[in-house]
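Chemist: Submitted below is the structure of interest, expressed as structure tokens.
The values are calculated or read from the model by the stated rules, or taken from the named source; none is laboratory data. In this text the structure is predicted, and so the values were computed from the model without any measurement. Every residue, glycine as well, gets a Cβ built from its backbone with ideal geometry; the counts of neighbours run over all protein chains shown.
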Amino acid sequence: MRPQALKAGALDPAGLRELIDTALADFLYGPSPRVPAQRRRVNGGHDLDRTLASYVLAPGKRIRPLLCLIGWYAAGGGRDGEGEEAAVRLAASLELFHAFALIHDDIMDESDSRRGAPSAHRAFALRHRDRADPDAFGRNLAVLLGDLALVRCDEMLHSAGFTHRQYRALLPLVDTMRNEVVLGQYLDLRTAGPPGADAALAFRVVRLKTARYTVERPLHLGAVLAGAGARMLEACSAYALPLGEAFQLRDDLLGTFGDPAVTGKPVAEDLRSGKATVLMALAVRRASRSQARLLRRFVGDAGLDARGAAAVRRVLEDTGARETVEKMITARYEASLAALERAPFVPRAADALRRIADEAVTRTA
């Protein structure tokens, strides 16, 4: 594979996404004669493999693999015409890890939908209504599906063709990323419930679950694959961490004020689960007594209806919490762009990262 989108003058995010999807399809479906027979899982594999392939290849932003590839290019990857295939496979493996995280996350959050379709455990339950307890059966199958995604992630990672030096540099970073994701999810679960005013704790979850996992670590992985040193990794972090925070703050706003037809998730889901967001912490801190009572009454209520959700949204508006979060997003976006101006990145990679930053803060899904 000689990805043309990685050539000089053609560093296009849409083209990179196409490369990632092609690598995933080749790995999961194995249609090419170059793919060993034992990897042609879907064509002769079990239902779980077919379900995983459909789940992973469903339309998505591919933000983590995309950033991994751009990180590789930013640090000088591809200058000698070598290593493109390994870089694409490393990047694509992150989408398999993300599938694992999403599937298990939806089970823990009891989410009914993902990307505008039933979440994995709900889809399994709907498919097996003949079972005595289809909901439990669906959850059990989804746990296995998430486990399988993690297994396939490791298989893709370990068959990417890295050198021994690259393995030694990459694998500790992969382990660090995974540990951060687990800790972030643990804190997310621990802090959910009645609304609290601890914005610092909410920001810690943001940094672990999104700023590091979504932006910083993918950039680091790609840069490390290209042989980046400490200065390059510090530049990646300076760009990534504020942008990752802005990305999650936008996600929190969309989770409460977004259009479900666009976001693909019910607009009141975060409110029903009592997710501890910076948005909610700011509102609690500024709320009057009557507003605080309303938040305690509705936030974290699994039976929250549209009327109650609308009342909560009014409090988020009236306390200025929504406006403050918008300002936080703008400040972090500007900090990310300022870091990008100082970064020793290949110019075409810097341009791509600038476009990604724009998309991250203005997105509606």
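Chemist: Does segment 235-245 contain any residue that is over 19 Å from Val206 (Cα atoms) and more than 20 Å from the chain's Cα centre (by Cα)?
Modeler: Yes - at least one qualifying residue is present in segment 235-245.
Chemist: How many residues, within segment 133-171, are assigned to a helix (DSSP H, G or I), within 23 Å of Arg217 (Cβ to Cβ) and among the aliphatic types (A, V, I, L, M)?
Modeler: Matching residues across segment 133-171 total 9.
Chemist: For segment 134-166, give me each residue that is among the polar types (S, T, N, Q) and surrounded by fewer than 18 Cβ atoms within 10 Å (Cβ to Cβ).
Modeler: If the condition is that a residue be among the polar types (S, T, N, Q) and surrounded by fewer than 18 Cβ atoms within 10 Å (Cβ to Cβ), then Asn140, Ser159, Thr163 are the ones that fit.
Chemist: Quick one: Ala281 ticks every box in (1) under 30 Å from Leu11 (Cα atoms); (2) crowded, with 19+ Cβ neighbours inside 10 Å; (3) in contact with a helix residue (DSSP H, G or I) (Cβ under 6 Å, 6 or more places away or on another chain) bar one, so which box is it?
Modeler: In the conditions (1) under 30 Å from Leu11 (Cα atoms); (2) crowded, with 19+ Cβ neighbours inside 10 Å; (3) in contact with a helix residue (DSSP H, G or I) (Cβ under 6 Å, 6 or more places away or on another chain), Ala281 misses (1) alone.
Chemist: I would also like to ask the following. Out of all the residues in segment 339-351, which are of a type outside the set (Asp, Glu) and more than 16 Å from His220 (Cα to Cα)? Even if it seems obvious, please write down each step before you answer.
Modeler: Keep residues of segment 339-351 that are of a type outside the set (Asp, Glu), which gives 339-340, 342-350.
The answer is Arg342, Pro347, Arg348.
Chemist: Another one. From the set of residues in segment 272-299 that are touching a Leu at 6+ places or on another chain (Cβ under 8 Å) and part of a loop (DSSP other than H, G, I, E, B), which is farthest from Thr324 (Cα to Cα)?
Modeler: Step by step, filter segment 272-299, then rank; the result is Val299.
Chemist: What number of residues within segment 111-126 are within 18 Å of the chain's Cα centre (by Cα) and farther than 12 Å from Lys265 by Cα?
Modeler: So the count comes out to 1.
Chemist: Determine which member of the set Arg127, Arg131 is surrounded by 13 or more Cβ atoms within 10 Å (Cβ to Cβ) and in contact with a Pro (Cβ under 9 Å, 6 or more places away or on another chain). I'd like the intermediate steps shown before the answer.
Modeler: Numbers: Arg131 fails: in contact with a Pro (Cβ under 9 Å, 6 or more places away or on another chain).
Going through Arg127, Arg131 in turn, just one is surrounded by 13 or more Cβ atoms within 10 Å (Cβ to Cβ) and in contact with a Pro (Cβ under 9 Å, 6 or more places away or on another chain): Arg127.
Chemist: So if I check each of Leu173, Leu219, which one is buried (at least 22 other Cβ atoms within 10 Å of the Cβ) and closer than 30 Å to Pro344 by Cβ? It would help to see each step written out before you state the result.
Modeler: Details: Leu173 fails: buried (at least 22 other Cβ atoms within 10 Å of the Cβ).
Of the residues listed, the single one that is buried (at least 22 other Cβ atoms within 10 Å of the Cβ) and closer than 30 Å to Pro344 by Cβ is Leu219.
Chemist: Quick check, is Thr277 over 30 Å from Gly83 (Cβ atoms), polar (S, T, N, Q), assigned by TED's automatic domain parsing to the domain that holds Arg297 and at pLDDT 90 or above?
Modeler: So Thr277 fits the description; yes.
Rundown of residues vs (1) part of a helix (DSSP H, G or I); (2) free of Cβ contacts under 8 Å to residues at least 40 places away in the same chain; (3) surrounded by fewer than 15 Cβ atoms within 10 Å (Cβ to Cβ); (4) assigned by TED's automatic domain parsing to the domain that holds Arg115, yes/no style:
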| position | (1), (2), (3), (4) |
| --- | --- |
| Gly244 | yes, yes, no, no |
| Leu254 | yes, no, no, no |
| Val262 | yes, no, yes, no |
| Asp270 | yes, yes, no, no |
| Glu317 | yes, yes, yes, no |
| Lys327 | yes, yes, yes, no |
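Chemist: Further question on the same structure: Quick one: how many residues across segment 203-220 are closer than 15 Å to Thr176 by Cβ and over 15 Å from the mean Cα position of the chain (by Cα)?
Modeler: Qualifying residue count for the region: 1.
Chemist: From Thr176, Thr214, grab the single residue that is more than 30 Å from Val315 (Cβ to Cβ), β-branched (Val, Ile, Thr) and at pLDDT 95 or above.
Modeler: Matching residue, one of Thr176, Thr214: Thr176.
Chemist: Please specify each residue of segment 94-108 satisfying the condition of being out of contact with any Pro (no Cβ under 8 Å at 6 or more places or on another chain) and either surrounded by 22 or more Cβ atoms within 10 Å (Cβ to Cβ) or over 12 Å from Arg139 (Cβ atoms) (or both).
Modeler: Once the filter is applied, which keeps residues that are out of contact with any Pro (no Cβ under 8 Å at 6 or more places or on another chain) and either surrounded by 22 or more Cβ atoms within 10 Å (Cβ to Cβ) or over 12 Å from Arg139 (Cβ atoms) (or both), segment 94-108 yields Leu96, Phe97, His98, Ala99, Phe100, Ala101, Leu102, Ile103, Asp105, Asp106.
Chemist: Of the residues Ala310, Ala302, which single one is out of contact with any Ser or Thr (no Cβ under 7 Å at 6 or more places or on another chain), surrounded by fewer than 20 Cβ atoms within 10 Å (Cβ to Cβ) and within 17 Å of Thr191 (Cα to Cα)?
Modeler: Ala302
Chemist: Here's another thing I want to ask about it. Under 8 Å between Cβ atoms, which residue pairs at least 6 apart in sequence (or on different chains) link something in segment 16-29 that is free of Cβ contacts under 8 Å to residues at least 40 places away in the same chain and farther than 11 Å from Ser93 by Cα with a partner that is hydrophobic (A, V, I, L, M, F, W, C) and assigned to a helix (DSSP H, G or I)?
Modeler: Sorted first by the residue in segment 16-29, then by its partner, the pairs are Glu18/Ala5; Ala25/Ala53; Tyr29/Val42; Tyr29/Ala53.
Chemist: For Val42, which of the numbered conditions (1) closer than 17 Å to Ala160 by Cβ; (2) of a type outside the set (D, E, K, R); (3) at pLDDT below 95 fails to hold?
Modeler: Among (1) closer than 17 Å to Ala160 by Cβ; (2) of a type outside the set (D, E, K, R); (3) at pLDDT below 95, Val42 violates only (1).
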